[in-house]
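Notes follow the structure.
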Amino acid sequence: MPARFLNATVILPAHDLPATARYYREKLGFSIEILWEDPPYGVAVRGQAVIEFGQQRFPDTARGVCYVHVGDVDEVYREFAEAGAHFVTAPADRAYGCRDFRVRDNNGNLLIVGSPLPGSPLSEGVIAALPDTRERQGEDRAGPPDAGARRPDCR
């Protein structure tokens, strides 16, 4: 029987852990669940989204990318704009069936925040098959985030 995968967690590089915790709390509305000094490590949570940070733990990693699935991308964009987040793009409908925008954190990591377009194959059936979908209404298991790339996911 093949091994069963249960979950995956994104760990993004952070240059200044306290500043990263403040940015995610104040600009992106996450709660900070863990903030260790030694080793410098933090965990930010919002709904079902969990993003972990390691300071100087991965010296070969310059920046990371994470796709954050949300129920209403335009509502989240307005919230982030009011808080002063650093946007790379505004929300737009994408060919892969999602509406999303891009925002950089204080370390240069890229967060792609999106939800499936109405009528998209991503909005039907895919979500219902996942456990605990209350907060995961934008889950995407089918299409790439950009032409020629892999599907949106935390990488």
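For this structure, a couple of remarks:
- Cβ-Cβ distances below 6 Å connect the following pairs, each with a first residue in segment 38-53 that is free of Cβ contacts under 8 Å to residues at least 60 places away in the same chain, a second residue that is open to solvent by less than 30 Å² (accessible area, probe 1.4 Å) and part of a loop (DSSP other than H, G, I, E, B), and a separation of six or more residues or different chains: 44/30; 46/30.
- Residue satisfying all of: in segment 99-115; in contact with a Lys or Arg (Cβ under 8 Å, 6 or more places away or on another chain) and of a type in the set (A, V, I, L, M); surrounded by the fewest Cβ atoms within 10 Å (Cβ to Cβ) among these: 110
- Strands (runs of 3 or more DSSP E) contained entirely in segment 1-114, each with at least 1 residues that are among the hydroxyl-bearing types (Ser, Thr, Tyr): 31-36, 41-46, 65-69, 86-93
The values are calculated or read from the model by the stated rules, or taken from the named source; none is laboratory data. All values reported here derive from a predicted model rather than from experimental measurement. Ideal geometry is used to build each Cβ from the backbone, glycine not excepted, and the neighbour counts take in all protein chains shown. SASA here: full protein model, heavy atoms, side chains in, ligands and nucleic acids out. Shrake-Rupley method; radii C 1.70, N 1.55, O 1.52, S 1.80 Å.
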